[in-house]
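What follows is a short report on a single structure.
Every number here is computed from the coordinates shown, using simple stated rules; none is lab data. This one's a predicted model, so the numbers in the text were calculated from it and none came from an experiment. Heads up, the Cβs are rebuilt from the backbone with ideal geometry, glycines too, and the neighbour counts pull from every protein chain shown.
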Amino acid sequence: MQLTLSPNPLHDQPQTLYINKVATLIGENGSGKSSILQSLFEERLNKRAHRHLNVVCFSSGQNENYSEKFGIYLKRERQAGRGLGLECLYFDKSWSKLLIFLATATKRTGKVRSFLRERDYINESTTEGDDQSTRLKCAFKIDKNYVSRIQDALKREENGEVNTLRNTPYFRSLDSFISTFHSRDYEFEQPLRKRNIEISANCLIDVSFDYPRQPQAGEDDVEAGEVNAQAQNITFDPEVSFFTQAADNDYFINKQGCKLIFKGGIELDHLSDGEYQLLFLYALIDLFDAPNTLFLFDEADSHLHYKNVEKLWSLLHSIQGNSITTTHLLDSISAKENRIEHLKVVEHGRINEENKIKQLISRLSVLSRAKSVEFEVCGKLPNIALLDDYNDWIIFTKLVIRAGWDISRLAPVHAMKKSSSYATASETFGKGKIDWLHGLSKIESPLITTKIFLICDRDEAALEWHVNDGVQVNGRTYRDLLAAIPWPHGTHISPYLLAWKRREIKNYLLSHTALSHYGVLHQINNNDIAQRNYLQPNNSADNDDIRRLNAKEVIDPLINTEGLGLDPDKLQAYIDLIPPQEISEDITNMYNFIIGKL
C-alpha cells in the first residue's frame with residue numbers, strides 16, 4: 001500500500017510511505033516517529049485525506065494530542081446527533097478493559113478469546129461458545145442535559161418531526177442497554193445518578209445495538225454523502241460504536257473506574273503488564289481488523305516479554321489490514337517477520353531511505369546487545385555488498401549510471417561498511433570482511449541472506465583475478481577461507497571475494513575531461529608516471545600507473561565538502577563531466593559480475 005503523508009511538525013514537505021503489510025518506524029527520541037503517526041491520524045480524523053481507510057490509533061501511554069483531537073471529534077458528532085461511522089479512532093490504555101470485554105463477548109474465534117482459553121481464564125457454553133464467565137463492572141449515569149435533550153425531542157415529535165435525537169441509532173442502543181442492565185421502566189424523564197452496574201459477556205447479546213442509519217434527504221445535521229460513505233465503510237460491530245461514544249470522557253460509562261473480571265475472580269489488573277498489553281492489542285485486532293483498516297501503533301511493544309514481542313509481530317503480519325508502528329526495541333527490529341523493507345528510519349520527521357543500513361545500525365548501536373545489532377540487521381538482507389566505506393557504493397553506482405548501465409538491477413543489493421583490515425603484505429587480504437562473515441554465521445535470528453559480495457580496496461596487495469570476470473580474487477587460500485565459514489544448516493549462502501584492480505574506488509574518478517575542467521589534470525599527468533600512461537581524452541586509462549596511483553589528494557577536494565565528507569551534489573557534478581568512454585572497464589566488470597549472481 002502507498003500513502004502520501006502530509007507535512008508534520010518536524011518536516012514541512014509531503015512524503016510517500018510504502019507499506020508491505022507493516023511499516024515500522026525507528027529512530028532516536030525526538031526523531032519524529034510519533035509526529036508522522038499523529039499527522040496521518042489528524043488528516044483522516046478531519047477527512048482531509050485517506051478517506052478510503054478506517055484508521056485505528058493506539059498509544060502505549062497517554063498522548064494528549066491524540067486524545068484531545070479525538071475527544072473534540074466525538075463531542076461534535078454527539079452534538080450533531082449522528083450515529084458514528086467511527087472511521088478514525090484513538091485508544092490509550094484507559095480503554096483496554098472495555099475493548100477486551102467487547103472482544104471476548106462478540107468474537108468467539110478471536111485472539112482475545114484464544115488467549116483467555118489457553119490460560120483457563122474463561123468458561124464457555126458448549127453449544128454456542130459464548131463467554132459465560134467474563135464480567136465488566138462500571139459506573140453508569142444519565143445526566144440532566146441529556147434528559148433535557150430527550151424531552152425536547154419528544155416535544156418536536158409531537159409537532160410532527162421524525163428525525164429527532166430519539167430516532168438515532170445511538171439513542172435506540174442506549175435505550176435497549178438501559179432496559180437490559182438497569183430497568184425496563186426508565187423513560188428518560190429524570191437523570192440517573194451514577195450507579196455501579198455489572199455487564200456479563202453472555203448477556204450483551206440481549207441488547208439491540210443499531211448500526212448508523214442511512215441519511216434522509218433534507219436532514220440539516222447530516223452531510224448525506226459523508227454518512228453514506230461511513231455506512232458503507234463500516235467493518236466492525238455496532239457495540240463498538242455505542243460503547244466508544246458512551247465511554248468517551250465518561251459520558252455515560254466511567255471507563256476509568258471499570259473492573260474486568262475473568263473466571264475465578266481473576267481481574268485484568270492482576271495480570272502482568274505484558275499480558276495486559278497483549279490482550280489490549282488482540283482486542284483492537286479482533287474488533288477493527290479489515291482489509292481497509294490502517295492501524296497506527298505507537299510503541300505497542302512496550303512492556304512485552306521478548307516471547308510476546310515475536311507473537312505481536314507475527315500477528316501484525318497476518319492481519320487483513322495494514323499497520324504503521326514505532327519501536328525502540330531491538331527484539332522487535334530483529335523479529336523474523338520484520339524484513340528490511342518493513343523498517344523505516346526517521347530523521348527530523350522524514351522517512352530516510354538513503355544509506356538505510358548505515359542509518360539503521362547507527363540508530364540501534366546504543367541499544368542492548370549492540371555488538372550483535374549489525375548482524376541482526378544484515379541477516380534480514382538477501383544480498384549484501386561489503387565495502388571499505390559506504391561512499392564506495394555511492395561512487396560505484398553513479399559510475400554505473402554514467403556508463404549507461406541499468407542501475408535498477410543493483411537495487412536488490414544492500415551496501416554495508418566493513419574494513420578489509422589489510423595494511424601490510426603479511427596480512428590475509430580481505431581478512432576483516434571474512435571475519436565479519438563468521439560473525440554473521442552465528443546469529444540466532446533467521447538468516448535470509450543468499451549472496452554476499454566482499455568488495456575490497458586493492459591498496460598495495462599483489463593479487464590475481466579470475467580471467468573470465470576480472471573482479472573475483474583468485475587463489476586457493478581465499479577459496480578455503482570462504483569455504484570454512486560455518487553457515488547454519490539449511491541456508492544457502494554464497495560469498496564472493498572481489499577487489500578493485502585499481503588502488504581504490506576513487507581511482508576510477510580519474511578522467512582527463514573532468515580533471516581538465518577543474519584545472520588539475522597536471523597533478524596526475526606529471527613525471528611520477530610514464531607519459532604513455534597519462535590520462536587521455538576518451539580513454540579509460542586502464543594501466544598499471546593509474547591503478548597504483550594514490551589519487552585522494554586530487555579527487556577529494558573536488559567531491560567533498562570540508563568537515564562534512566562526501567558531498568553527493570559535488571560528486572554528481574563531477575561524474576557528469578566524465579565521458580562514458582573514460583570510465584574503466586573494471587566498473588562494467590564489477591556490475592556484470594554482481595547482476596550475474598543475483
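Values computed for the structure shown
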| quantity | calculated |
| --- | --- |
| Mean shadow area of the stretch 381-597, taken as a quarter of the surface of its Cα convex hull (nm²) | 12.9 |
| Nearby lysines by direct alpha-carbon distance to K137 (threshold 24 angstrom, same-chain neighbours under 8 apart not counted) | K93, K97, K107, K111, K194, K255, K259, K263 |
| Partner lysines for K501 [C-alpha distance under 23 Å; skip if fewer than 8 residues away on the same chain] | K398, K417, K418, K431, K433, K451, K552, K597 |
| Dipole of the chain, positive direction: furthest Cα of T513, H303, A551, with charges on the beta-carbon | H303 |
| Formal net charge of residues neighbouring H305 (Cβ-Cβ distance under 14 Å; K, R +1; D, E -1) | -3 |
| Förster radius 35 Å - calculated FRET efficiency between N29 and K141 (Cβ-Cβ, nearest 0.05) | 0.30 |
| Exposure proxy ranking, count of Cβ atoms within 10 Å, fewest first, for W500, W95 | W95, W500 |
| Calculated P(r) over Cα pairs in 20 Å bins from 0, in percent (choose from (i) 16, 40, 30, 12, 1; (ii) 17, 38, 25, 15, 4, 0; (iii) 16, 41, 27, 11, 5, 0), label | (ii) |
| Between the stretch 6-26 and the stretch 530-598, the alpha-carbon center distance in angstrom | 36 |
| Cα centre as origin, Lys/Arg/Asp/Glu Cβ charges: the stretch 381-597 dipole, Debye | 560 |
| In nm, spacing of pseudo-spin labels at S408 and N527 (7 Å Cα→C-beta vector) | 5.4 |
| Footprinting exposure proxy for E158, E460 (fewest neighbouring C-beta atoms within 10 Å first) | E158, E460 |
| Contour minus Cα-Cα distance for D544 and I197 (0.36 nm per residue) | 116.0 nm |
| Charge-dipole axis of the chain as Lys and Arg at +1 and Asp and Glu at -1 on Cβ define it, positive-most pick from P191, I319, N560 | I319 |
| Positive-end residue, the chain charge dipole about Cα centroid, Cβ charges, pick of H489, T293, L10 | H489 |
| Relative packing of 448-455, 176-183, which averages over residues the other C-beta atoms within 10 Å, highest first | 448-455, 176-183 |
| Total charge dipole magnitude, the chain, about the Cα centre, Cβ charges on Lys, Arg, Asp, Glu only, Debye to nearest 20 | 740 |
| The chain, relative contact order [Cα under 8 Å, separation at least 6], % | 14 |
| Fewest-first sequence of M1, M416 by Cβ atoms within 10 Å of each Cβ | M1, M416 |
